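The structure appears right after this line, and notes come after that.
The values are calculated or read from the model by the stated rules, or taken from the named source; none is laboratory data. Note that the structure is predicted; figures quoted are calculated from it, not measured. Cβ: placed from backbone, ideal geometry, glycine included. Neighbour counts: every protein chain shown. Ligands, DNA and RNA are excluded from the accessible area calculation, which covers all protein heavy atoms including side chains. Shrake-Rupley method; radii C 1.70, N 1.55, O 1.52, S 1.80 Å.
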Amino acid sequence: MWWNDLQAMEAALATMTPAIDPRAQLSSRATVHGAVRIGAGTRICQGAHIEGPVQIGRDCLIGNHALLRGPLQIGDGTRIGFASELKHALIGRQVCIGPQCFIGDSRIDDHAYLGALVRTSNHRLDGARIHVHVGGAVHDSQRDKLGAWIGARATLGVGVIILPGRIVAAGSQFGPRITVERNLPPGRYRLVQQLHSQPLE
């Protein structure tokens with residue numbers, strides 16, 4: 001199951017040794033602690049904080065005041081926006097994560113796009129373990145924290161919220177402010193709103 005990929009990543013990073021490529025650019029006001037690997041051409045901006053184990057690929061951008069908490073793996077060419085927080089996540093290549101997002105206990109596949117303020121919820125309010133619907137069956141993840149699997153080339157608009165254990169199908173598009181409460185087939189989704197006007201007094 002897809003959440004096993006998080007466990008495999010965690011095991012792989014457990015023995016990783018730190019290494020920062022000399023061609024990477026780290027702001028003097030960024031902080032890096034623990035086992036962190038940073039690839040060539042990657043830029044770590046002012047105020048970013050990275051707490052290993054974290055592996056960041058080549059030609060990435062980690063924006064101002066981003067918070068990265070391991071275990072975390074980020075593929076080549078990925079962009080992380082201002083003040084976003086990522087923890088215990090597997091991020092693919094050429095992913096774009098906008099400002100002030102939260103990505104926790106999740107997997108994001110290649111070329112996905114997340115607008116500002118996208119949130120993956122990773123914990124049930126009642127504290128129960130998270131069950132995941134896959135192919136018509138319900139699986140107990142054995143986890144009390146589990147975010148989302150966002151498929152390749154999915155695009156999520158500003159303020160999308162994804163409930164624990166949900167799957168965003170590859171190539172899907174979600175407009176702003178949608179709450180993803182269940183798994184949906186690939187498609188384009190938007191909220192329909194009604195505006196009622198009143199004359200100004």
Subject >> Rotationally averaged projected area of the chain (alpha carbon convex hull; nm²) >> reply: 14.0
Subject >> 5 angstrom amide H check on L26, placed H, neighbours 5+ away >> reply: I44
Subject >> Ratio Rg/Rh [Cα only; Rh per Kirkwood] for the stretch 118-201 >> reply: 1.11
Original post:
Could you give the accessible area per residue of the chain, probe 1.4 Å, as a whole number in Å²?
Top reply: 53
Subject >> Antiparallel DSSP beta bridges within the stretch 63-201, percent to nearest 5 >> reply: 10
Original post:
Going 7 Å from the Cα of V134 toward and past its Cβ, which residues in the stretch 1-15 have a backbone nitrogen under 20 Å from where you end up?
Top reply: 1-12
Subject >> Karplus 3J(HN,Hα) series, Hz, for the stretch 134-148 with 6.51 cos²θ - 1.76 cosθ + 1.60 (x for Gly, Pro) >> reply: 9, x, x, 10, 10, 10, 7, 6, 6, 10, 9, 10, 7, x, 10
Original post:
Hey, what do the phi angles of the stretch 191-196 turn into as Karplus ³J(HN,Hα) couplings, whole Hz, using 6.51/-1.76/1.60 and θ = phi - 60°, x for Gly and Pro?
Top reply: 7, 10, 10, 10, 9, 10
Original post:
Tell me, what % of the accessible area of the stretch 51-161 is carbon and sulfur with a 1.4 angstrom probe?
Top reply: 51
Subject >> Kirkwood Rh in Å, taken over the stretch 22-68 so that all alpha-carbon pairs contribute >> reply: 10.2
Original post:
Taking amide hydrogens as modeled 1.01 Å from N in the peptide plane, which residues meet the under 5 Å criterion relative to S172, leaving out close sequence neighbours?
Top reply: A154, T155, G187
**OP:** Could you give me the radius of gyration and the Dmax of the stretch 2-81, taking only the C-alpha atoms into account and expressing both in angstrom?
**Re:** 11.8, 37
Subject >> Per principal axis, descending, Cα span of the stretch 88-165 in whole Å >> reply: 31, 25, 20
Original post:
For the Cα atoms of the chain, what angle does the longest principal axis make with the long axis of helix 3-13, in degrees from 0 to 90, nearest 10?
Top reply: 10
